[in-house]
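Structure record follows, encoded as structure tokens.
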Amino acid sequence: MDSSARIFFSKFLVTKQKSKHTYALVNLKPLVPGHVLVVPLRLVPHLKDLTTEESIDYMLTIQFVHKFIQHHYKADSLNLSIQDGPEAGQSVPHLHTHIIPRYKADGYGDAMYLMLEKKDLAREFGEAAKDWAIRREIFKQEGTFSKVLDDNQRTGRLQEVMLEEALMLKAELEKYGVDQ
């Protein structure tokens, strides 16, 4: 990939914090501070769609970001979540892994997974996501979709705020990477 190419996660332009096949970004609507996403560069809806080389790079990136986020945020544990398909809670039809810092005293328990089930964003992404949106709507109407916190109840962050966090994490990551 051309190093000057613009990278998007869905409709959002993201910074170029990437490996050969993968990038990481701060979350627009984080559940907790330090909630980041790891995403393959190639647009694929499911984990099974990655090539062997992409899979290896993806997992190594997840492991590296996992270590860094746990270190930087001094987390006791982390949730790693891949919602693979609309019925599993995946709202954006592009594979991504949530990395979420957790603490002994945070009190969320398994409710963190319910917090990941959010309003269907797929409708915003055009014709290519139409089937995805239909499947999510059917799933929600069947009553099996958890009603925890709708996406419209969570406040999105300004691009400047996300950029500031991304730049801070990049600087910290550069220091962290030297020690590893």
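The values are calculated or read from the model by the stated rules, or taken from the named source; none is laboratory data. These numbers come from a predicted model, not from an experiment. Methodologically, a virtual Cβ is constructed for each residue, glycine included, from the backbone with ideal geometry; neighbour enumeration extends over all protein chains shown.
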**Message:** Show me the helices (runs of 4 or more DSSP H) entirely contained within region 47-145 in which 2 or more residues are at pLDDT 70 or above.
**Reply:** 52-72, 111-116
**Prompt:** Got a number for residues in region 9-23 being touching a helix residue (DSSP H, G or I) at 6+ places or on another chain (Cβ under 6 Å) and either β-branched (Val, Ile, Thr) or at pLDDT 90 or above (or both)?
**Reply:** 3
**Fill in**
Taking first residues from region 99-116 that are among the hydroxyl-bearing types (Ser, Thr, Tyr) and second residues anywhere that are at pLDDT 80 or above, the pairs with Cβ under 6 Å that are 6 or more apart or on different chains are Tyr103/Asp76
